[in-house]
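Structure first, then comments.
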Amino acid sequence: MDFCYFIGIDIAKDTLDWAVFTQQGLQLNTHSANTLAGIKTALAEFKALPGWNPKLAVFCMEHTGLYNAHLLELLDQQKLAIWLESSLQIKQAGGMQRGKTDKVDAQRIAQYAYRFRDQIRLWEPPREVIQKLAFLSATRQRLNQAFHLLAVPVTEQETFISKSLQKTLKGNVKKSLLALKEEHKAVEQAINQLIETDARLKELFDLMVSVPGIGPVIATELLVTTNEMQTINDPKKLACHAGVAPFEYRSGTSVRGKTRVSHQARKRLKALIHMGTMSAIQVRGDLQDYYQRKLGEGKHTMLVLNAVRNKLIHRVCAVVRRGEKYDKNYAPALA
């Protein structure tokens, strides 16, 4: 679809800054509260634009997590075109920049949308069950972090302090640790129930956990990250998103950097895939054989581990594509 109005929105916790860009340049700047009422007021101002047609407008914004919830909800209800883009992508595309305000940022987002209008990727809302799963998964992660924040220091200091003081310190956090365990258990049950009661999620989840090294936590994160394997279903793209795809760094005769992974990745998913990899190479099987064989050939440990990470991702995508659980004895049919 050919859009005529490119609307950049800079999102803050309490406010929104809007900029409208067309072929003739910047047309409008406005400011509103980050509430449903404030968004409706801003949309009403656009009616003053010459030839305004909301169906010919695309609303471009950065990923801001919770802060854009009201905006996405209202725009989606009105069936308007939404473009969610990485903040780093917008910043790097803008070249050298001087100064920064919310108003200027909104203009830069609008200009970005206009310049790259041939690369528009319209956002489609995930199902409500995926949104719930994402919040529950994030809550589980925070509970884990809180538990280890309290438990690990108490355990590590045991051999360095007196027994009486250690007993006192354990008593100080005992109730908190028990409460965190109970909350973690409740969240786990909610996640399991959510997956079990949805046929599509249950099917994908069972396929993913059939792959050795992919546990329930990794499978849940993959479901959220890939939007049920719809937004990302290509193994190479998923490997890139997870930060395990190697890239060359060479230029001319002077730059001869090592081939390495990029730091621009979904760090949570990368950490989970790494833990799954460490688990997979501990169990007797083809991945353990591959890992030991490559180490025996003199390959660097992290290079081999990254190759195993890639194998896990490719296997997950393969079982989902085929709709069959992982079979360690699977052999591809010859043409």
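The values are calculated or read from the model by the stated rules, or taken from the named source; none is laboratory data. Everything quoted here is computed from the prediction, not taken from an experiment. Cβ placement follows ideal geometry from the backbone for every residue including glycine, while neighbour counts extend to all protein chains displayed. Protein only, heavy atoms only, side chains kept; ligands, DNA and RNA dropped before computing areas. Shrake-Rupley method; radii C 1.70, N 1.55, O 1.52, S 1.80 Å.
Does K181 qualify as being open to solvent by 10 Å² or more (accessible area, probe 1.4 Å), part of a helix (DSSP H, G or I), touching a residue at least 24 places away in the same chain (Cβ under 8 Å) and of a type in the set (K, R)?
yes
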**OP:** Only residues in segment 262-284 that are over 15 Å from E221 (Cα atoms) and open to solvent by less than 30 Å² (accessible area, probe 1.4 Å) count as the first member; pair them with residues that are assigned to a helix (DSSP H, G or I) and among the aromatic types (F, W, Y), Cβ under 6 angstrom, at least 6 apart or cross-chain, and list the lot.
**Re:** I281/Y291
Original post:
Would a scan of segment 211-230 turn up a residue that is out of contact with any Gly (no Cβ under 9 Å at 6 or more places or on another chain), without any contact (Cβ under 8 Å) to a residue 40 or more places away in the chain and surrounded by fewer than 12 Cβ atoms within 10 Å (Cβ to Cβ)?
Top reply: yes
Subject >> Positions within segment 115-149 being over 23 Å from D198 (Cα atoms), among the charged types (D, E, K, R) and part of a loop (DSSP other than H, G, I, E, B), in sequence order >> reply: R121
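Give segment 285-308 a look and list any residue that's of a type in the set (D, E, K, R) and buried (at least 16 other Cβ atoms within 10 Å of the Cβ), or say none.
Within segment 285-308, just K294 meets the criteria.
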Original post:
Inside segment 1-90, counting only strands (runs of 3 or more DSSP E) that do not spill past its ends, which hold 1 or more residues that are surrounded by fewer than 18 Cβ atoms within 10 Å (Cβ to Cβ) and of a type in the set (A, V, I, L, M)?
Top reply: 25-33, 81-85
Original post:
When you go through K299, K311, K270, K325 one by one, which is the residue that is within 30 Å of V224 (Cα to Cα) and part of a loop (DSSP other than H, G, I, E, B)?
Top reply: K325
Subject >> Candidates Q157, Q193 - the one that is open to solvent by less than 100 Å² (accessible area, probe 1.4 Å) and of a type outside the set (F, W, Y) >> reply: Q157
Original post:
In segment 215-260, what residues are under 25 Å from R142 (Cα atoms) and outside any helix (DSSP H, G or I)?
Top reply: G215, T226, N227, E228, M229, A242, G243, V244
Subject >> Qualifying residues in segment 160-171 (those that are loosely packed, with under 12 Cβ neighbours inside 10 Å and not hydrophobic (A, V, I, L, M, F, W, C)) - the one nearest to A146 (Cα to Cα) >> reply: G171
